[in-house]
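Okay, so here's the structure we're looking at.
Nothing in this text is a laboratory measurement; each read-out follows from the coordinates by a stated rule. Quick caveat, the model's predicted, so the values are computed rather than measured. Note that each Cβ is placed from the backbone with ideal geometry, even for glycine, and that neighbours are counted across all protein chains shown.
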């Protein structure tokens, strides 16, 4: 009995240490990454019902960092193996960028409690997931690749394609809607080598665990309702026929300040705003805000006025987080090539 209690105590101590380690980045962010500066006054043109908190343009990035991390991972294992991916680098990129964005949020009204809690939850979950994956892939997974040899097994090819498809899916759709069980079933059709059997077991367990967790999250989201899929903005200099040629744009009204239009959000918005800028349009206000952030890619480790810069794994280039005034957005997009930058994603609110 005493031995059982002793082992139970040790187990609880280990669990407590793990929990504290997972929460350490949250504590650091709260203490060392406090918002700096104060928001400048801005009189919005759109009604209050069409507003979204401006700091959300910064706080949407942590979710996208996870999307980018999955994309990096897919890129790495396309030609390499899971142990080639820098798991700690992926985790560090999440928390270091969150720290920089938390400091910058003061100029945009700060971060509300609900958004902060959401970001901490997904960051902690992301950290735990990558640590568990690293623990396996750097040990048993690496041994399995030694036994396999240099050439990919069937299951390696299948899992690389699944990872790429998943990363693309996340750009417009919540992760919990991905069919992880389908991936697990597809893997069962791979070859019969040792590596194939190891991948079927390891990834099959991972996919089924994610499927169960996704169901829980989907039910929770259903209880509070999904986030809005569209937003409103004011734009000027839209060429004749542009709106008619884009069925995803709805003209609400025409005002002296410009055309009030409704557009989709997320990845679809990035392509649309880029098309509008290329066509000569300019932006006056987006979702009641006068500041917006976008990410751009370049071959240089830093970019002028970037809030944060970080390398992309598997690509050999760098991502930059850049905030601009909404009224400068179109001009900035049109001039990206001159700065050696290419647009990745415009972060709405």
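Which residue fluctuates most in the GNM of the chain (Cα springs below 10 Å): 42, 266, 73? So, out of 42, 266, 73, the one fluctuating most is 42. In the elastic network of the chain, a GNM with C-alpha springs shorter than 10 Å, the most mobile of 41, 308, 74 is 41. Where the centroid of each part is defined by its Cα atoms, how far is the range 33-98 from the range 163-237 in Å? When both Cα centres are located, 19 Å separates them. What number, in percent, do you get for the relative contact order of the chain if the mean sequence gap of Cα pairs under 8 Å and at least 6 apart is divided by its residue count? Relative contact order comes out at 19 percent. Over the range 44-224, the hull volume per residue, using the convex hull of the C-alpha atoms, is 119 Å³.
The angle between the Cα long axis of helix 266-278 and the longest principal axis of the Cα atoms of the chain comes to about 40 degrees, rounded to the nearest 10. Once both labels are positioned 7 Å from their Cα atoms along Cα-to-Cβ, the gap between residue 168 and residue 262 label points is 3.0 nm. Ordering 115, 139 by the number of other Cβ atoms within 10 Å of each residue's own Cβ, fewest first, gives 139, 115. Fewest-first ordering of 227, 237 by other beta carbons within 10 Å of each residue's beta carbon gives 227, 237. In Å, the Kirkwood hydrodynamic radius of the range 230-347 over pairs of distinct alpha carbons? For the range 230-347, the Kirkwood estimate is 14.9 Å.
Largest mean-square fluctuation among 285, 218, 274, in a Gaussian network model of the chain whose springs join Cα atoms under 10 Å apart, belongs to 218.
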